[in-house]
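Inspection log for the structure reproduced underneath, given as structure tokens.
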Amino acid sequence: MGTGPVDGQPAERRRGRRRRPRGAWRSPLTRRILALNVLVLAVPVLGLLHLEQYRDSLIEAELEALGTQARAFATTLAGSAVVVTQSGEEKLLAEGTRHAMRVLLAGSDIRARLFGPGGDLVADSFVLMGPGGQVTVEELPPPEPGGWMPEILERAYNWVLDYVPSDELPVYQEARQQRAAQYPEAERALAGDAHSRVYRDPDGGLVLSVAVPVQRYRQVLGALMLTKDGSEIEAAVRDRRLDILVVFAVALGVTVLLSVYLAGAIARPLHRLAEAADRVRRAQGRQVEIPDMSKRRDEIGDLSVALDDMTQALWDRLDAIERFAADVAHEIKNPLTSVRSAVETVARVDDPEQQKKLMGIILDDVQRLDRLISDISDASRLDAELSRAQSEPVGLSRLLDALVEVEGATSKERGGPTYAIELPRAADGSTDPLTIQGLEGRLGQVFRNLLSNAATFSPTDGTIRVGARRADGWVQVVVDDHGPGVPENKLKAIFDRFYTERPKDEKFGTHSGLGLSISKQIVEAHGGSLVAENRRDAEGHIAGARFTVWLPAE
């Protein structure tokens, strides 16, 4: 019979799809741990790289200093470069203004421009007047760093900077013929108000601009505009970002190493355990062992112990199945042999009485086979049922009381032994329910087997006593009889499958020998134990058998 598909995939394909050899960097677990740790590290670093508040404070300080300087220049120009025309009108003298600018801004990188009341450019500190005409002064850019390392760092910095959000600033542009209308701050200054503005030049740098009115007796004679590039601010922000990037690079290296170590400490042991489990599945013998990692004292160590226990339980289960199959074959073979012998003999016997006896033997053996197969079927289904069924609270007091009442009534009708039960009482006089978690039907089967077994060995005038109590988180149930007891060397053997120790007057084959074995299996599946012992009287003689069931209380 072939293996059918599950989830759209044949079983052979599902078995072959797992565990490809992986290196440290090919492990998905390694990549996930590394990605998570780098992400956790990168998020605050990207936040630190967004130094807008730091840059804004530098810009504000620079604009304030530039504004102070502009007001001082405007006061100087108003006092030294103003002439009075014949009509009595005051105006700024262009030549005097340019001379004052050269004196005041000597050795400075600040550019000063003066616009007249009509908005025309009167003077520019970057334009010199000479015999040959105007000469424009431009500041040369700093020399670029040489070598491949600074270039790589520059590219890396610019790449990171592309992902850092920044404020949108107006682009600084200069027309060939400059007028105050081209600069909003200059127009505000001509209106009598000082104003500042920040631009972004075409190359991406900052340009700071401050415009103040040049006044004489409250009369606006022009607008003085000072501009300065923000290279120092950009350099300061750049230095801070580079410091952060250096720290990030170091932290990233440490994070990668620690992530690889952590992933290796997790992935490699898991890979070893997975390979060992796969070898166990494929191996024909039992020479494969699960790696012992219990010394790790962590979850992986617990996993290795659990896998080892599971493997051992698997071997034990296979051994149990093998023994069960052998026992079943042996037990079925005996009645089958008897039936075969009786059938062969019937064919050769002509005496009707002998034929009748042989047919009775055949009938008994068939009935024995039927009981045996029924008990074997029940025992084979037990494991699966106990693993699938959902446990629920079971009140043992109510269960025992009902069983003893039914068995006692049946025994009374047959003239058998009497039954007595003793249950614990609560403080208010009510019966303690003795609640446990389990399967009520299967637990009832256990106690029915014990009561039936006790009734089989007890004399008709005997008493079967059932007692229950709590003891240190456990529930103890005791079943006592007044029979001959159990041979001392058979106190454990009576729980073996197909073992029978029946009264001499009982017909052979009436019991399969699975009752106590099934009962012990059910009790142990509930986390308890079932033991047998002999009761003794004051003189030390055996007074009967005692079966004790221990079950964990809820």
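Remark: region 389-554 carries a charge dipole of roughly 380 debye about the Cα centre, counting +1 on each Lys and Arg Cβ and -1 on each Asp and Glu Cβ. Each Lys and Arg adds +1 at its Cβ and each Asp and Glu adds -1 at its Cβ; summed about the Cα centre, region 188-293 shows a dipole of about 260 debye. Region 261-275 and region 513-554 have Cα centres separated by 46 Å. Within the shell defined by Cβ-Cβ distances under 14 Å, the residues around Ala61 carry a net charge of -3, with Lys and Arg each +1 and Asp and Glu each -1.
Counting 0.36 nm for each residue step from Asp278 to Ile373 and taking away their Cα separation leaves a gain of 30.5 nm. Of Ser430, Ser411, Val446, which is farthest along the charge dipole of region 410-449 in the positive direction, counting Lys and Arg as +1 and Asp and Glu as -1 at C-beta? Going by the Cα projections, it comes out as Ser411.
Straight-line reach from Lys228: taking Cα to Cα under 30 Å and skipping same-chain neighbours fewer than 8 places apart, the lysines in range are Lys91. Legend: residue pairs Lys357/Lys520; Lys357/Lys492; Lys333/Lys356; Lys412/Lys490, Cα-Cα distance threshold 28 Å; pairs beyond threshold, Lys357/Lys520; Lys357/Lys492; Lys412/Lys490. Ordering Gly360, Thr337, Leu372 by the projection of their Cα atoms onto the charge dipole of region 289-388, which places +1 on the Cβ of Lys and Arg and -1 on the Cβ of Asp and Glu, puts Gly360 at the extreme positive end. With coordinates expressed along the principal axes, the C-alpha atoms belonging to region 289-388 extend over 79, 26, 11 Å, beginning with the largest. Each residue of region 228-377 gets 193 Å³ once the volume of the Cα convex hull is shared out per residue. In terms of Cα atoms, the Rg and Dmax of region 389-554 work out to 15.7, 50 Å. Backbone amide hydrogens, once placed in the peptide plane, bring Thr431 within less than 5 Å of Ala426, excluding anything fewer than 5 places away on its chain. Each Lys and Arg contributes +1 and each Asp and Glu -1, all at the Cβ; summed about the Cα centre of region 289-388, the dipole is approximately 320 debye.
Each reported figure results from applying straightforward, stated rules to the coordinates on display, with no laboratory input. Note that the structure is predicted; figures quoted are calculated from it, not measured. When we count neighbours, we look across all protein chains shown, and the Cβ atoms used for this are built from the backbone with ideal geometry, even at glycine.
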